[in-house]
Amino acid sequence: MRWSSPLGAVVLVAGVLSAGAYVVAVLDVALGRLTAAGHLRLRHALRQPLDETALLLLTRPSRTERPDAQAWALAPALLGAMAAAAVATVPLGRGIAVADVADGIVLFGAAMAMVMVAVYLHGWSANSPMPLLGGYRFIALALSYEMPLALVLIAAALPAESLSVGAIVASQHDLWNVVRQPLGLPLYLIAGAGLAFWGPLDTADGPDLAGGTTAEVSGPSRVAWELARRFVLVAVAVMGAAVFLGGWQGPMLPGPAWMALKTLVLLAGLVWMAHRVARVRLERFVVVAWTVLIPLALVDVFVSGAIAL
Amino acid sequence: MIRSGTVDIAFWMFSAGSVVAAWLVFRTDSMVRAAYWLLASFAGVGALMVLLNARFLGLVLVLMMAGEMTIMAVFMVMFMMNPAGLNPMTMVHQHRTAKIAGVFAFAGLALVGLVADFPDRPADARRDPTSDLGRELLGDSMLVFETAGVTLLATMIGAIAIASKRGRYGDAEQGSAPPALEEKPPEPAGMEH
Amino acid sequence: MGLRRALARLAAAAEAPVFPVIGAGGRSVAGEIALLGGVRVVDSPRAANVLLVVGGITPGLLAPLLQVHDQLPTPRATVWWPGEPVEHQDLRTVLGEVVVARPGDGDTLRGVFAELVGGGRLSDPPALPDDEPAEWRGVGPYGQGGTGMTGGVPYGRPLAKRSPDPDGLELDQLPLRIGPMFPPLPPGLILDIALQGDVIREVAVGDNPFLGHPDGPAPAGLDTALFLEAARRPQPVATIELARARHHLRWAAGTLRLHGLASESLRVLRLARALRPEHALEVETLARRLRGRRSLSWATRGVGVVTPAQVGFGPVARAAGVAVDARLDDPAYDGIGFSPVVNDGGDARARLRQRLAEAAQALDLANRAGARVRQPGPALEGPRGPLSAGEALPSAALVDLLPRLLVGQEWGDAMTTVASLDLDLEEAAAGARAGAPA
Amino acid sequence: MAAFGAALTVVVAVGLGVLFTRWIGLALDSATLTPPERVPFLGGGQPEVHAWSRFHVRYYAMALLFLAFDMEMVFMYPWAVVFVEEGAVALAEMLMFIVILLLGILYAWREGALEWA
């Protein structure tokens, strides 16, 4: 099957996203239980996400008094679709890419910029105070992480002399970017956690807002939203594996296996972070993002540039 | 390579989509919807640019507009009464002026399209427009590029100076006269240092 | 329908999503809900299928309870752990299908959930009548209920009004009545908040739903019941200190959950449930670990500063650097090396550190006290402050502090601040009664 | 162009897929909700007014700063492509550009514009 044929592309991307989302859910349950009780039951962790999804599908979706129903329905679809666009730009093995276009990281950036639209719409549409606050919080977060996110990807593009993700992967043939640009991956993961409003950066859907943008969402709509959000997390991990961990390159194993392994490592790291690091205080994070993260990302660009010359 | 027929269909679909979305900007009562219809329209234009092989510009248009339209939505919600359009209203004012201006603008642009003699210099489709752009920025347009930096700095400082009430030395309005928009007695200036 | 049956089979094995509502006397069991097997506590009724009512429902809690009940999506069921004594409203008379169970009985809860999902049990019908909030259909030029740009009640509610702000922009202020069943806030706390953007402009504490009942809250139902008992009867010091440690750990679990560390919070709850004096080292380690957690410090540093002038008792004052503790004047604590733990700063971070350190110290004291018995007489230092007969209980003074503390805070900071004070509205109600002249 | 076509297909397909999840639920249960069931959750109370309002965004100065920075970032993409080819000139030029813009952040930070208004 050709991966850029319509059917092949959909099968590949939807498969990666679904498998990744399931893995995230399993890891989340497993790590949660490990933290809470000190042991884990693998069977339970494997079943739990499926059971919960089934329950939500049987539960009636709620509605508020006068919501913007279309925008409310659109938000998770847009979020999931943008994650798909992001994954499409990444080659998952030698020659296995849906859209490894010449401007790959720009396409990724554009898709990830739309995440802000989706989350804001999700918060706004319910016409309810808690989701509204969640939506507005996400904008503050997004405006803060977007710059470091773009900058570390640009830094990775310097040695590759191309904006294509495939070229960036190829440029790491001798040395992975995680070593060559040590600032890149940590900054990228912080921004990535923000993108998926995950763990410490889950200010939009946090418990202090009784669930934030999801406070009025129940049943299948909740499935859609949580699924789409995990899709974004998977997209972040896939892109991170390609740009910083050498992508599909590696000895012995075939390319896709390396890619899966590296993605898994990043996903596990992100899930671990969610169980380990407390939620940030947004006001403080915004200041730190502008005065520390952005300058650090710029330093990353220049150091990477100087090394690439 | 996709057959040109598909590209043609995509072109017309995106064009029509952009126009319809742009029209919907004025048909909705909600500021958020208006902003995001405009974003949809821009995204359609971005897709057209991608189809015309200006891939970088097309994608960057979407990338920037997603952030910009969100900020616009946020500001519109902040300052418009009835921002969600719970009470119906009209987004179009001064109908006569608007109609005349619209007709003239359309006629003018159409005329240019029909009459102008466009240069026929097809670029090599294999060239990468992004790197051409980069070379241009670092070559002949270097001054333009650096001027843009200074302009953006001026924009940032200006925006903050105007928007932020809290300044380094305390309240920015302290000691300044209020704007002469309303009839207000002038506040005694310089009471505190 | 095959799909539905297949989904139902899977769903019956899921953890039951429970939205707990804590009524009178329910605080002492509330900490156990999250630890029940096969049960998951959720943040919003929209995410739950089971409404779990713990304790008695006072008149002030009834209307909010019915509202929250209806906000649960179908299929939904209500389980009630009434506790002793059943002196309040009988829930079964207002909500048709209520399953009454012994407090802490997770099996019945699971059973109800499984039946509900399996189709053996009908979903609860709405409790409130099918009424619009305001007459609006057909009113106004488009039948939307409004007039002009901002007038009328479009779709049943008016639009928010503008109000000045120190920032200089006169934008809308949302008048919100939050509580008494809002999970980030302590059960029963009602805050009338004027919210401008995400910053709180005005706060008033609403009527305490635990007040107004003829008998008032029963002291036996308070989560500090053991301490109140000890103020009147001889009680081993070790028992008192163990209860103190448990109280602080349960509070810490709630705080961790609020800050996004749900799994860590469960671990602390688990420790609190089976707490024995031998766990001193474990609690010590936990206190040190959480103290070293940068992210937690970062989220709480400088938030909700309480000065010693505002509160002069209990852990809140000690977190602000005042070494005040009723145990200093208590002969029962002589000679076992007690000296109060003190932190400085008086912010939410200091209070977190303070309570964790006090929990560790309490276990240490419990070990050293041996069989020593405390005799009633002097004021007893409870987990929130001194308890002495005839005087207001500590929560009352802390609740009064809220308006001044919260104004000007961002929403998340406000929730952090309220949580960091460890309020109990029921205790505040009991204290108000005790403090009132006879 | 084929790659963009494939990307668009994927976007549409996954978007529809997520929408489909909602549809499953609606197909299983389409009963109507009573007004009390639709009241926004505030912990038991009813909201007095619609949540949709002139929302005071506390970070508006930062949002304005972002607009300028977003623009700057766009220049860096084409720069990155030709960077190695152009060498030290490119590095120096971008350094100048960035330093100018960092002054903007410095100014904003000094004015307290990044904090909640």
Determine which member of the set A:V299, A:V234 is at pLDDT below 95, under 30 Å from A:S162 (Cβ atoms) and aliphatic (A, V, I, L, M). A:V299
Can you find a residue that is over 27 Å from C:R257 (Cα atoms) and either of a type in the set (S, T, Y) or free of Cβ contacts under 8 Å to residues at least 60 places away in the same chain (or both) anywhere in the range A:208-216? no
Where residues in the range C:285-331 are free of Cβ contacts under 8 Å to residues at least 40 places away in the same chain and among the hydroxyl-bearing types (S, T, Y), which of them is nearest to C:E381 (Cα to Cα)? C:T307
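Yes or no, residue by residue, for (1) under 18 Å from the mean Cα position of the chain (by Cα); (2) facing another protein chain (nearest Cβ under 7 Å); (3) farther than 19 Å from A:E146 by Cα:
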residue	(1), (2), (3)
A:A210	no, yes, yes
A:A215	no, yes, yes
A:V232	yes, no, no
A:A235	yes, no, no
A:M239	yes, no, no
A:W248	no, no, yes
A:P251	no, no, yes
A:A260	yes, no, yes
Tell me the residue from C:R162, C:R137 that is at the interface with chain D (Cβ under 8 Å from one of its Cβ atoms) and over 31 Å from the mean Cα position of the chain (by Cα), please. C:R162
Kindly evaluate A:E146 against the criterion of being without any contact (Cβ under 8 Å) to a residue 24 or more places away in the chain and among the acidic types (D, E). no
Go over the candidates A:L175, A:L107, A:L153 one by one and state the one that is surrounded by 24 or more Cβ atoms within 10 Å (Cβ to Cβ) and either in contact with a Gly (Cβ under 9 Å, 6 or more places away or on another chain) or in contact (Cβ under 8 Å) with a residue 60 or more places away in the chain (or both). A:L153
Could you list, in sequence order, the residues of the range B:68-98 that are more than 9 Å from chain D (Cβ to nearest Cβ) and among the aliphatic types (A, V, I, L, M)? B:M69, B:M72, B:A73, B:M76, B:M89, B:M91, B:V92, B:A98
If you go through the range A:62-76 one residue at a time, how many are crowded, with 16+ Cβ neighbours inside 10 Å and more than 7 Å from chain C (Cβ to nearest Cβ)? 10
Testing B:A16 on (1) farther than 19 Å from A:A111 by Cβ; (2) over 19 Å from the mean Cα position of the chain (by Cα); (3) modelled with pLDDT under 95, one condition comes back false. Which one is that? (3)
Anything in the range C:163-192 that is among the charged types (D, E, K, R) and surrounded by fewer than 24 Cβ atoms within 10 Å (Cβ to Cβ)? List them, or say none. C:D165, C:D167, C:E170, C:R177, C:D192
Tally of residues being at pLDDT below 70 and closer than 19 Å to D:I105 by Cβ across the range B:126-171: 2
Turns out the helices (runs of 4 or more DSSP H) fully within the range A:145-231 with at least 2 residues that are touching a Leu at 6+ places or on another chain (Cβ under 7 Å) and more than 25 Å from B:G134 (Cβ to Cβ) are A:184-195
Per the filter on the range C:332-384, residues among the polar types (S, T, N, Q) and either in contact (Cβ under 8 Å) with a residue 40 or more places away in the chain or within 19 Å of C:A280 (Cβ to Cβ) (or both) are C:S339, C:Q354, C:Q361, C:N367, C:Q375
Between C:G37, C:G96, C:G119, C:G83, which is among the small types (G, A, S), surrounded by fewer than 20 Cβ atoms within 10 Å (Cβ to Cβ) and in contact with a Gly (Cβ under 7 Å, 6 or more places away or on another chain)? C:G37
Could you tell me whether any residue of the range C:6-19 is under 30 Å from C:L211 (Cα atoms) and at pLDDT below 90? no
Could you please tell me which pairs satisfy a Cβ distance under 8 Å, a separation of 6+ or placement on different chains, a first residue in the range C:399-413 that is outside any loop (DSSP other than H, G, I, E, B), and a second residue that is of a type in the set (S, T, N, Q)? C:V399/C:N208; C:L401/C:Q310; C:R404/C:Q310; C:L405/C:T417; C:L406/C:T417; C:G412/A:T203
Checking C:D70 against (1) more than 26 Å from C:H248 (Cα to Cα); (2) in contact with a strand residue (DSSP E or B) (Cβ under 8 Å, 6 or more places away or on another chain), which single condition isn't satisfied? (2)
Here is a list of conditions, (1) surrounded by 20 or more Cβ atoms within 10 Å (Cβ to Cβ); (2) within 11 Å of chain A (Cβ to nearest Cβ), and B:T28 meets all of them except one; can you say which number that is? (1)
Taking the range A:77-97 and keeping only residues that are of a type in the set (G, A, S) and at the interface with another protein chain (Cβ under 7 Å from one of its Cβ atoms), one is left with A:A77, A:G80, A:A81, A:A84, A:A85, A:A88
Check A:L282, A:L298, A:L267 and return the single one that is away from every other protein chain (no Cβ under 11 Å), in contact (Cβ under 8 Å) with a residue 12 or more places away in the chain and crowded, with 16+ Cβ neighbours inside 10 Å. A:L267
Kindly list, by first and then second residue, each pair from a residue in the range B:49-78 that is assigned by TED's automatic domain parsing to the domain that holds B:V25 and in contact (Cβ under 8 Å) with a residue 60 or more places away in the chain to a residue that is of a type in the set (V, I, T) and assigned to a helix (DSSP H, G or I), limited to pairs with Cβ atoms under 6 Å and residues at least 6 apart or on different chains. B:F56/B:T130
Suppose we keep only residues that are among the acidic types (D, E) and in contact (Cβ under 8 Å) with a residue 24 or more places away in the chain within the range C:116-134. Which one would you say is farthest from the other protein chains (Cβ to nearest Cβ)? C:D124
If only one of C:P45, C:P73 is more than 20 Å from the chain's Cα centre (by Cα) and under 18 Å from C:S123 (Cα atoms), which one is it? C:P73
Would you check if B:A125 is outside the structural domain of B:F11 (by TED's automatic domain parsing), surrounded by fewer than 19 Cβ atoms within 10 Å (Cβ to Cβ) and in contact (Cβ under 8 Å) with a residue 40 or more places away in the chain? yes
Within the range D:78-117, which residues are farther than 26 Å from B:I160 by Cα, surrounded by 18 or more Cβ atoms within 10 Å (Cβ to Cβ) and more than 7 Å from chain B (Cβ to nearest Cβ)? D:A80, D:F83, D:L91
Can you tell me how many residues in the range C:54-74 are at pLDDT 90 or above, touching a helix residue (DSSP H, G or I) at 6+ places or on another chain (Cβ under 7 Å) and more than 21 Å from A:P207 (Cβ to Cβ)? 1
Could you tell me whether the range C:154-162 includes any residue that is without any contact (Cβ under 8 Å) to a residue 12 or more places away in the chain, exposed (fewer than 14 other Cβ atoms within 10 Å of the Cβ) and outside any strand (DSSP E or B)? no
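The values are calculated or read from the model by the stated rules, or taken from the named source; none is laboratory data. Being a predicted model, the structure only gives us computed values, none of them experimental. No Cβ is skipped: glycine too gets one built from the backbone with ideal geometry, and neighbour counts run over all protein chains shown.
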